[in-house]
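Input: a single structure, listed below in structure tokens.
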Amino acid sequence: MKTKYPGAFFLAVLMTFACVPSVLAQSSTRWFVDFEAGSVFPGYCDVRIPGDTGTLFSLTDDFSTSSSLFVRLRAGFRFHPRHTVMVLFAPLALAGVGRVDSPLEYNGLSFPANTPLDSVYRFNSYRLSWRYGIKEGERLRIGLGLTAKIRDAGIEITGGDLTSQKTNVGFVPLLNFLLEWRFSSVLRLLLEGDAAAAPQGRAEDVQLSVVYQKSERWALRVGYRILEGGANNNEVYNFALLNYILVGVTAYF
């Protein structure tokens, strides 16, 4: 299955960085690059497409969806003690196999009962975030801001010489937040994420990590991330929960 990356988002990000006034490129500006990797485990993933007439099935109960390695890349700059701008690229793809004991009506096709099926669940995320530091103390940091997210999602079912793929690219506004507590000279506890909820659906992407930082130039962390949410409308019903075990490294410039 081909993955289509919305290049317009990257263009918008580049324009955003290019339009930052030169006064920000002073000694107070601190650039950073963050790399995160680990393993992602599916919790649940319920699907019905179309949302009002399709067959409800589970990619974790009716299918066996394997865990997978993942990577995330984030970059940004802190141009003021209280202002941070970030851009994130977070690809995700999970493969599964299974079958259902009744006909599966999915995205306009009918898969016969007990047909061996393959699935691919894709959820790529592109985000541009701004966060304001409400409190910037030596031991406690609290931040709150906004995230503009573009989701590039798709679910593909294949079996019995039939293939059907439902894709969706859309914009999602989220709240961005950070809570960080330094409990020793080199260790701190980090709670950070994006989240929002509405009648049409919800989205949460939150990490809880322990960060080790002895140098001003780099920091290491290990932790857990939860990605949960979905949408419920006439076109799509899909709610999923994913669990991440992560390690990350951040370099400061």
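The values are calculated or read from the model by the stated rules, or taken from the named source; none is laboratory data. Quick caveat: nothing in here was measured; it's all calculated off a predicted structure. Every residue, glycine as well, gets a Cβ built from its backbone with ideal geometry; the counts of neighbours run over all protein chains shown.
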Kindly check whether there is at least one residue in segment 216-225 that is small (Gly, Ala, Ser) and surrounded by 15 or more Cβ atoms within 10 Å (Cβ to Cβ). yes
Check whether at least one residue in segment 199-208 is of a type in the set (A, V, I, L, M), in contact (Cβ under 8 Å) with a residue 40 or more places away in the chain, out of contact with any strand residue (DSSP E or B) (no Cβ under 6 Å at 6 or more places or on another chain) and farther than 18 Å from Phe35 by Cβ, and report yes or no. no
Please report, ordered by residue number, the strands (runs of 3 or more DSSP E) entirely within segment 48-151 with at least 1 residues that are small (Gly, Ala, Ser) and surrounded by fewer than 17 Cβ atoms within 10 Å (Cβ to Cβ). 63-65, 68-80, 93-98, 109-111
Given (1) in contact with a Leu (Cβ under 6 Å, 6 or more places away or on another chain); (2) surrounded by 16 or more Cβ atoms within 10 Å (Cβ to Cβ); (3) assigned to a strand (DSSP E or B), index of the condition Tyr44 fails: (2)
Taking the conditions exactly as written (modelled with pLDDT of 95 or more and basic (Lys, Arg)), does Arg122 satisfy them or not? yes
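Just a yes or no: is a residue in segment 204-215 of a type in the set (Lys, Arg) and part of a strand (DSSP E or B)?
Applying the first criterion (of a type in the set (Lys, Arg)) to segment 204-215 yields 214.
Those still in the list that are part of a strand (DSSP E or B) too: none.
No: zero hits.
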Return yes when Leu178 is farther than 19 Å from Ala75 by Cβ and at pLDDT 95 or above and no when it is not. no
Qualifying position, being in contact with a Lys or Arg (Cβ under 8 Å, 6 or more places away or on another chain), buried (at least 16 other Cβ atoms within 10 Å of the Cβ), over 24 Å from Leu59 (Cβ atoms) and charged (D, E, K, R), among Glu192, Glu180: Glu180
What are the residues in segment 228-245 that are closer than 13 Å to Gly54 by Cα and either of a type in the set (Asp, Glu) or in a strand (DSSP E or B) (or both), if any? Asn232, Glu235, Tyr237, Asn238
Which is modelled with pLDDT under 95 and either of a type in the set (S, T, N, Q) or under 28 Å from Glu192 (Cα atoms) (or both), of Phe41, Phe32, Phe70, Phe79? Phe79
Only one of Val97, Val87 is of a type in the set (A, V, I, L, M, F, W, C), without any contact (Cβ under 8 Å) to a residue 40 or more places away in the chain and more than 16 Å from Gly38 (Cα to Cα), namely Val97
